[in-house]
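Before any comments, here is the structure.
The values are calculated or read from the model by the stated rules, or taken from the named source; none is laboratory data. Quantities reported herein were computed from a predicted structural model and do not represent experimental measurements. So basically every Cβ, Gly included, is an ideal-geometry build from the backbone, and we count neighbours across all protein chains shown. Just so you know, the surface numbers come from the protein's heavy atoms only, side chains and all, with ligands and any DNA or RNA stripped out. Shrake-Rupley method; radii C 1.70, N 1.55, O 1.52, S 1.80 Å.
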Amino acid sequence: MESIQQTYDIGYALSGGFIKGFAHLGVIQSLLEHDIKPDIIAGVSAGALAGAFYADGNEPYRVLDYFSGHKFQDLTKLVIPKVGLFELKEFIDFLKTNLKAQRLEELKTPLIITATDLDHGKSVHFTKGSLAERVAASCCMPVMFTPVRINGVHYVDGGLFMNLPVSVLRSQCEKVVAINVSPLMAEKYKMNIVSIAMRSYHFMFRANTFHERLNCDLLIEPYNLHGYSNSELEKAEEIFEQGYDTANAVINQLIEEKRKIWR
């Protein structure tokens, strides 16, 4: 990651979570209403997507308008599976059309996007370059999507190594707010090979958040999102509300019980 010398007061660390990423926007809406505004954002996968739209100067609730009327199929292209079931070219085009900033450096709020370098097996934290491509790279769930190629390197979902990027911000920020829309939950599952494989996959993805959760100053985790399908874009507003309500409840409880928000 490029060196960032500046120190910041408050940073947001936004987790991956696919469709549940709309809850990030609801949580951010609540935080802003409580005067907890980010000076910098770090995002992974869905968190990178939500972070990009907010850092581009949009009010969180207005971001829903960009996705209104769209379906999952509008933003992806089914392909003959060689390296992924879907390509993300349509998603990249959608981002380029709807984000004012075309490069990370042009955003109104600094944003760090975490992706996984599939070729060399490491996390990469982007602070410069094409915004749409880097958001897509961070969102690129392996097997489902074809890896995103940037400067000759193939990238996939940043959550593979770091699904909650608190440590990316820790040394730069006085306070870090961690928003984890994919908390580890052991809900019911079917005893078949696909269900077991997906359950194991999600457990591994979320296990790397344990240390990150302990390293933040405020943790907000909506536990009411597990019932949403990853293709249900039409539920974006409902998911937003779940995040908004959770954040309000967490903040109000902290104030009532501890008379402070921060750890």
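Summary table below
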item	result
Members of the stretch 237-263 found to be in contact with a helix residue (DSSP H, G or I) (Cβ under 8 Å, 6 or more places away or on another chain) and either open to solvent by less than 60 Å² (accessible area, probe 1.4 Å) or assigned to a loop (DSSP other than H, G, I, E, B) (or both), listed by number	Ile239, Phe240, Gln242, Gly243, Tyr244, Thr246, Ala247, Asn248, Ile251, Lys260, Ile261
Residue in the stretch 130-137 that is more than 16 Å from Ile150 (Cβ to Cβ) and part of a helix (DSSP H, G or I) present	no
Residues satisfying the stated conditions in the stretch 156-180, i.e. of a type outside the set (A, V, I, L, M), part of a strand (DSSP E or B) and either buried (at least 24 other Cβ atoms within 10 Å of the Cβ) or on the phi > 0 side of the Ramachandran plot (or both)	Asp157
Which numbered condition Leu131 fails, given (1) open to solvent by less than 10 Å² (accessible area, probe 1.4 Å); (2) under 26 Å from Leu219 (Cβ atoms); (3) at pLDDT 95 or above	(2)
Selection within the stretch 195-236 - surrounded by fewer than 20 Cβ atoms within 10 Å (Cβ to Cβ) and either among the aromatic types (Phe, Trp, Tyr) or modelled with pLDDT of 95 or more (or both)	Tyr201, Phe203, Phe210, Arg213, Leu214, Asn215, Asp217, Tyr223, Tyr228
